[in-house]
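Structure, as structure tokens:
The values are calculated or read from the model by the stated rules, or taken from the named source; none is laboratory data. What you see is a predicted model; the values in this text were computed from it and never measured. Cβ coordinates were reconstructed from backbone atoms using ideal geometry, including for glycine residues, and neighbour counts include every protein chain displayed.
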């Protein structure tokens, strides 16, 4: 039965991510406060929270983009810091802003990414071609990334995150702007990745997707405080999740209860 | 015409300008430019305006002086805005304005009203009004007539600058446009030198030229200012005619430039020549330099500056230097060589990461020491700039009308190499300390930070005027006798570059969150 987990839970296998007491401040503003979290290996992990709750900041700290103010991070069993080059090679990241080089063509960008992550030239070309075909971006050889639609850009960013076959993948809002067929393909690939024992850490606001895709979920609220972590298999199994002596029929109900979010009423609308 | 909304947009433009002062860099920029502008306006209005008016009235040639001053200001404002990019872009694009409930004519008016109210054009108007005030004070003209005339002249000046900028922007995007641009630049740089001596000798050419110039906006404004020449109606007609013609031409060319240039579906073609060049700097650098080189090659700004660098420097070197003998060209060329490698790449090298937009974030996700990113960016600027130094040297050896001397070649190489290292060393610091998110797609518009502008404009002025002063003060013989000093100076510049690269690599890591905020528009 899922329950509130303020501390990292001990795992038998080496967890993919272990975070203890992570705090990130911008001057006086606290973006993440004393966050402790454990992500088991081989899971599809949903990291949820309202806008501005610190999800992207947490991902920034976990991927070396931002320096934590305090706390300890272990990735794939090893201590992580911004200079952990060998660990970074085992990670794939799709940042919220996508991080694309707009003046490049899609194949040039993916080739750059593949080469930077140590793939040889031949393998890099083969994977780029395969990924572009799989993402239905095969005919874009003369179109710069700046000319791509939002959905196409997201597909390219996803391809860049997985091209080197990482053990741990961070996806920040991966499904927004992508058409239903694209989302279905990505979900299928993510299931395959997790089945191979690799870990996917994703954030999204589409809770129905998380319900169907993820096995494990953490919910944070402002400012980056963990309020719930647990297995959501109970929703499939029993149709409800229990928390605080209450039963919740959907992840959305639990989310709204935990985060205190309300539907605002606008009379004039 | 929805004048209220249009003026609200003008107000918004100024609010956006003011909003820039909320950042530390913005406040510094405002402080420095405010003081500079105030001082310049004061000096120019007094010396250029009132002083010129005094000369005009005392000499009895009020109209001729007004023609010369207005013509000079007109051309300087035009060239200044096109070369430096100040005041050349309208604040809002037509596309951005489509969200508001205004039609095409109102969008055109809103764009150009915000454009002409950019600070740089107000500064130019100040200069025009200085002369107008001077003429009025010394009794050579009517103030209000002159004021209306210079206002119309300013509109013509602004529109002509926009026409030129849009034309160049469009040419930079079309196939074969770069070659046409290069031809245009060569013509502009070489024509005065070829034409003026011939015109000076030809009988009656001066009068014929003045008769043609009488139909230009500065001459029409000058006639109105001193209330001379043909009737007022004729001069006003001329000014309005120019404005109308420029507006029509501008609307046409903007329409042409705005046509979508969508790429047809095409399979990926693999081209790794950029990575091969990058591999010269080591296997880790190959993809990084390959990526950065593509940015340099695909940037219209860089392409334009790259092809313009040598013709501009040749013009500055060979104009007004050879009267006392060809060796004077050599002294001027020292300044040109010092800046040559930097001038063509400065728009990107002084702001290495400003064109990366969200891609900047990716650098820190790569399994590589972040310092390598800075090195790759800087090495690319050095390689591209170095090709300009090499080209300048070859052109000098082939075409310069100066007898060959080994010491000269050594000095020119030392200046070229030293300048390349010095300015790229300084560019590391402007990139790290004053980064600015920049639109990759545009050819025009000065999007550099204040520090980068100081480095670029200050560097050009220091090199050009510094060597001109050296030429006058010491002369070529003395400069040549100290030829060896250029070698330790170049060595110092090289040492400065590598020291900057080392310190910069550490700063790149420690400042990354600030860089992210600046480049993603959060500060």
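Observations on the model:
- Among (1) more than 8 Å from every other protein chain (Cβ to nearest Cβ); (2) more than 14 Å from the chain's Cα centre (by Cα); (3) at pLDDT below 95 - the single one residue A:18 does not satisfy: (3)
- Looking at B:334, B:316, just one residue is buried (at least 23 other Cβ atoms within 10 Å of the Cβ), under 30 Å from residue B:469 (Cα atoms) and under 29 Å from the mean Cα position of the chain (by Cα), and that residue is B:334.
- Segment A:157-178 - residue that is surrounded by fewer than 19 Cβ atoms within 10 Å (Cβ to Cβ) and at pLDDT below 90 and, of those, farthest from residue A:91 (Cα to Cα): A:177
- Checking each residue in segment A:38-63 for being within 14 Å of chain B (Cβ to nearest Cβ) and either assigned to a strand (DSSP E or B) or in contact with a helix residue (DSSP H, G or I) (Cβ under 6 Å, 6 or more places away or on another chain) (or both) picks out no residue at all.
- When restricted to residues that are more than 7 Å from chain A (Cβ to nearest Cβ) and outside any helix (DSSP H, G or I), segment B:356-368 contains 0.
- The condition of being crowded, with 24+ Cβ neighbours inside 10 Å, in a helix (DSSP H, G or I) and in contact (Cβ under 8 Å) with a residue 24 or more places away in the chain holds for only one of B:383, B:340, that being B:340.
- Residue match in segment A:119-135 (condition: outside any helix (DSSP H, G or I), touching a residue at least 40 places away in the same chain (Cβ under 8 Å), more than 9 Å from chain B (Cβ to nearest Cβ) and within 22 Å of the chain's Cα centre (by Cα)): yes
- Qualifying residue in segment A:136-154 (condition: part of a loop (DSSP other than H, G, I, E, B) and under 21 Å from the mean Cα position of the chain (by Cα)): no
- Residues within segment B:184-215 that are touching a helix residue (DSSP H, G or I) at 6+ places or on another chain (Cβ under 9 Å) and closer than 29 Å to residue B:305 by Cα, tallied: 8
- Number of positions in segment A:106-118 that are at the interface with chain B (Cβ under 7 Å from one of its Cβ atoms) and outside any helix (DSSP H, G or I): 1
- Inclusion of residue B:302 among residues that are surrounded by fewer than 16 Cβ atoms within 10 Å (Cβ to Cβ), part of a helix (DSSP H, G or I), in contact with a helix residue (DSSP H, G or I) (Cβ under 9 Å, 6 or more places away or on another chain) and not assigned by TED's automatic domain parsing to the domain that holds residue B:142 is not warranted.
- Qualifying helices (runs of 4 or more DSSP H) (wholly inside segment B:441-523; at least 1 residues being more than 14 Å from every other protein chain (Cβ to nearest Cβ), modelled with pLDDT of 90 or more and under 27 Å from residue A:61 (Cα atoms)): B:486-510
- Of the residues making up segment A:83-96, those that are within 29 Å of residue A:153 (Cβ to Cβ) and either more than 7 Å from every other protein chain (Cβ to nearest Cβ) or surrounded by fewer than 18 Cβ atoms within 10 Å (Cβ to Cβ) (or both) are A:84, A:85, A:87, A:89, A:90, A:91, A:92, A:94, A:96.
- Residue match in segment B:162-183 (condition: within 22 Å of the chain's Cα centre (by Cα), at pLDDT 85 or above, in the same structural domain as residue B:78 (by TED's automatic domain parsing) and more than 20 Å from residue B:307 (Cα to Cα)): yes
- If you check B:73, B:42, B:16, B:78 for being assigned to a helix (DSSP H, G or I) and at pLDDT below 70, only one passes: B:42.
- Condition check for residue B:239 on (1) more than 14 Å from chain A (Cβ to nearest Cβ); (2) part of a loop (DSSP other than H, G, I, E, B); (3) on the phi < 0 side of the Ramachandran plot: one failure, at (2).
- Among the residues of segment B:276-293, the ones that are more than 10 Å from chain A (Cβ to nearest Cβ) and either touching a strand residue (DSSP E or B) at 6+ places or on another chain (Cβ under 6 Å) or more than 12 Å from residue B:384 (Cα to Cα) (or both) come to 6 in all.
- Considering residues of segment A:68-81 that are touching a helix residue (DSSP H, G or I) at 6+ places or on another chain (Cβ under 7 Å) and farther than 14 Å from residue A:170 by Cβ only, the residue nearest to the other protein chains (Cβ to nearest Cβ): A:68
- Of the numbered criteria (1) within 12 Å of chain B (Cβ to nearest Cβ); (2) surrounded by 15 or more Cβ atoms within 10 Å (Cβ to Cβ); (3) touching a residue at least 40 places away in the same chain (Cβ under 8 Å), the one residue A:141 fails is (3).
- Scanning segment B:252-275 for residues being assigned to a helix (DSSP H, G or I) and more than 11 Å from chain A (Cβ to nearest Cβ) gives a total of 8.
- The residues of segment B:264-284 that are in contact (Cβ under 8 Å) with a residue 40 or more places away in the chain and farther than 19 Å from residue B:387 by Cα amount to a single one, B:284.
- Of all residues in segment B:86-116, those being assigned to a loop (DSSP other than H, G, I, E, B) and surrounded by 17 or more Cβ atoms within 10 Å (Cβ to Cβ) number 8.
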